[in-house]
Structures are given as structure tokens and as C-alpha cells.
Amino acid sequence: MSEVPIRTLISPLRYVQSRGALSRLGEFVAPIGTKPLLVADDVVWEIVQDTVAESFQAANLPREREGFGTYATAAEVDRLARRIRETGSDVIVGIGGGSTIDAVKAAGHLEGIRWVSVPTVASTDAPCSALSVIYTEEGAFEEYRFFPHNPDLVLVDTQLVANAPVKFLVAGIGDALATWIEARAVAKANATTMAGGLPLITGTALAELSWKILWENSLAAIEAVKEHLVTPAVDAVVEANTLLSGLGFESGGLAAAHAIHNGLTAAPQTHGLTHGQKVNIGSLTQLVLEGAPSQEIRDFVEFTTRVGLPNTLTEIGLTTADVGDLRRVAEAATAPGETIHAMPFEVRVPELVDALRSIEGLSRAIRADAGLPEPVRYTGH
């Protein structure tokens, strides 16, 4: 008897977002565990330690903090797992960016304890998901690791997000814009999502809602965050980047855009770029592969240029002449198990290489016609 296909949606147990939310972290962690292990890199810890200390003291929780490196590597996950065992922790709390949070989720899963996400930037949709992206020591994509449940708590302090460099919010917008582009492709293909089933209408609708909020609020939010202000536009974009995109990508599905991101990590020229910057190249390339309407592509290029996201090879350190590099990117993006296979049609290496090469001239022409700046070459700095 064949297995009956299911439609499903998964989500964190609780999501909390507000200005000053970090001051209540202890209150929300206390019902989850009594011996938390806090994980944050030195830069983040310097910013949050006093607020966390007061919050945990008020909740009668001990404070045990562990540092973090650069990438969520297998070695870093194993190291954090050892620290969980050594400290006897029953909940692990990741405070920082997507790599910190992904490593925390993976370590918590290995040790069978609960985990909490406290993003200090709205740069990815990693905090809400039941998966981690694992990288090599050099920053190349290695694998996805899937877990049986999402975080017990995701807590976002919007003032922390507004205090961070605006490039992180921009990166999150790039990551989140892909959510609807990919979810609608997955829905069309009736493909399996990262949640382990076919998409529900709800998951696809949340992906579209994220897209609509970003188009309406991104430019205003970016200007506010440049001045470290929390406005309704900032609140909306943080929610779209973190919660709606998190639910939308996981339960709505990933397709070509994120697979192309993973492929781009194989090109050393792109190292140092944010996740969302590389994803945006994937989004535009997916639109080209789909033969999307010219007005949709034009609008996307103009909007992402105004937001400050790359939409040319030049802006990620590549050129149309780098055929060998682009072929390696395409081979990695189309590897077995990659999300590009959730597209409603087969994507092969030659077609993907050509699509990647085509975005250079396409975006330059659209930007010139709209009076927008020419691309500036990314040099890795």
C-alpha cells in the first residue's frame, strides 16, 4: 500500500517581537528549561550581556555563556554539543545571527535538549526553522540538517535589530523576497517542502504576505534603521524577514533561488557576501529560468537596486566570462537533493549557466533605463 501524501505546516512554539523584548528573555526561557546555555560571539555578547544578566536574575536562572566562531560547521556544532554535556544544560539559547542560531539548533538536537533563537539582526529566516544549514570551514555550503521540531521560542528585540548595521536588514529582505518566488513555484509543481509534506494553502499564503509587506515597507524601514529608529515599517519588515519568511520558506517550499545561493558558495569570489545578497541573485535567476513576465523582472531589478541588493554578477565578484566558475556554481545548485528540483520543470546545468550569465546585461539595461546606478564590482571587502 503506497503512502498517502500529506499537506503540512510547522512553526516555532512561540514567537515574540517588540522593542525591548530582550529584557524579558528570562521570563520566556524559564518555562522551557532551568539550566540554559547561552551561545553568542564576543561582539554580540558585549551588546547584550547586561540586559540578559538582569533578565535571567529576575527569572532566577543561572548564566552560562559559550562563544561562537564564524560559520555553523560540523565541528562547531560538535563543540557546542560537548559544552551542553559538560554543563548539564537542558536548553540552549542562540543569540546573534543565522550561523550562531543554526549551530545552536543542531547542537541542541544532537543532545536531545530544547532550543531558543534570539536573533539580534533580521538578516535571515533561520531563527524560526526546524533545520540548520551547515557550512565548511571556508564558508561553502555542505548540507541541510533537519530536526523533528522547530525552536521552542523565537524572541526578537526590534531595537537591537535597528541598532545593527543596515546591511543586515537589507540582507534579510533579499532572503525573504525569495520566499514567495520559490513558494509559488513549489505550489505549481505540487512538490514537497522542507516541512516534509506538500504545501498547505496557508504556507503559500504566508510566503505571499511576506512579499507584499516587503514591497510596501522595505524602503521606509531601511531609512529608519540607518538612524537606529524603530518605526511601524521596521516592525513590519522584521516580522516579514523573520517569522513570515521563516514559515513561508519551510512550509511553502524552497526552489531554485536558494539552490543557486548554495551553488554560489562554491565560488570563492562570493565569500564575504551575506546569505541574502547571494539569494537575491538566485531569485532573479529563477525568474529568468521561469520566463517570468518582463514587467515582473523589471520591477524586481528596480526594487532590489533601490533596496541595495545585488542583481548582477559584477556585484558578487563574478563576470559573464567566468564560465568555469559559473558551471561549478550550476553543478552544485543542481546536485541531487537540491531544492532546484522542486521547480515545475527540469533545470539542467547548461540552462542554469546561461540564465546566470544573462542577468548581467538584463539588469544593466533595466537599471540604465530607470536612471539607476551602474553595478559596482564586489572585491571581497
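Taking 8 Å as the Cα distance limit and 6 or more residues as the minimum spacing, I'd like the relative contact order of segment 250-314 as a percentage.
Normalised by residue count, the contact order of segment 250-314 is 33 percent.
Return the distance in nm (one decimal) between the two label points of a simple spin-label model at LEU372 and LYS212, each offset 7 Å from Cα along Cα→Cβ.
Going by the 7 Å Cα→Cβ label model, 2.3 nm.
What are the membrane-span-like helices in the chain by this rule: whole DSSP H runs, Cα extent along the axis at least 30 Å, mean Kyte-Doolittle hydropathy at least -1.0?
Flagged H segments are 166-189, 201-226, 349-369.
Nearest-5 percent of antiparallel DSSP beta bridges in the chain?
In the chain, DSSP labels about 20 percent of beta bridges as antiparallel.
Taking every DSSP beta bridge with both residues inside segment 10-162, roughly what % is antiparallel (nearest 5)?
Among the beta bridges of segment 10-162, antiparallel pairing accounts for roughly 20 percent.
Please report the equivalent ellipsoid semi-axes of segment 57-103, computed as sqrt(5 x eigenvalue) of the Cα gyration tensor, largest first, in whole Å.
Square roots of five times the eigenvalues give 20, 14, 7 Å.
Each label point is 7 Å from the Cα along the Cα-to-Cβ direction; what then is the distance between the points at HIS228 and PHE146, in nm?
4.3
Equivalent ellipsoid semi-axes for segment 165-369, as square roots of 5 times the alpha carbon gyration tensor eigenvalues: give them largest first, rounded to whole Å. Walk me through the intermediate numbers first.
Values: eigenvalues 120, 92, 42 Å².
Semi-axes from the Cα gyration tensor: 24, 21, 15 Å.
Pairs to check: LYS212/LYS278; LYS226/LYS278; LYS35/LYS105; LYS35/LYS167. Give those whose C-alpha atoms are more than 24 Å from each other in this structure.
In this structure, LYS35/LYS167 lie more than 24 Å apart at Cα.
Applying 1/(1 + (r/R0)^6) with R0 = 45 Å to the Cβ-Cβ distance of LYS35 and SER294, what FRET efficiency is obtained, to the nearest 0.05?
Numbers: r = 57 Å, r/R0 = 1.28.
In this case the efficiency is close to 0.20.
Nearest 0.05, what FRET efficiency do HIS271 and LYS167 give at R0 = 22 Å with Cβ-Cβ as r?
So, using R0 = 22 Å, E works out to roughly 0.90.
Taking one equal scatterer on every alpha-carbon of the chain, how large is log10 of I(q)/I(0) by Debye at q = 0.06, 0.10 1/Å?
Treating every Cα as an identical point scatterer, log10 I(q)/I(0) equals -0.21, -0.60.
Which value at 222 nm does the chain reach when only helices count, each DSSP H run of 4 or more adding -39,500 (n - 2.57), with the total divided by all residues and rounded to the nearest 500 deg cm²/dmol? Provide the component values of the computation, followed by the final result.
Details: 14 runs with 193 residues, N = 381.
About -16500 deg cm²/dmol.
We did not get these values from a lab; they are worked out from the coordinates using the rules stated. Keep in mind that this is a model prediction, so the values were computed, not measured. Virtual Cβ from ideal backbone geometry, glycine too; neighbours counted across all protein chains shown.
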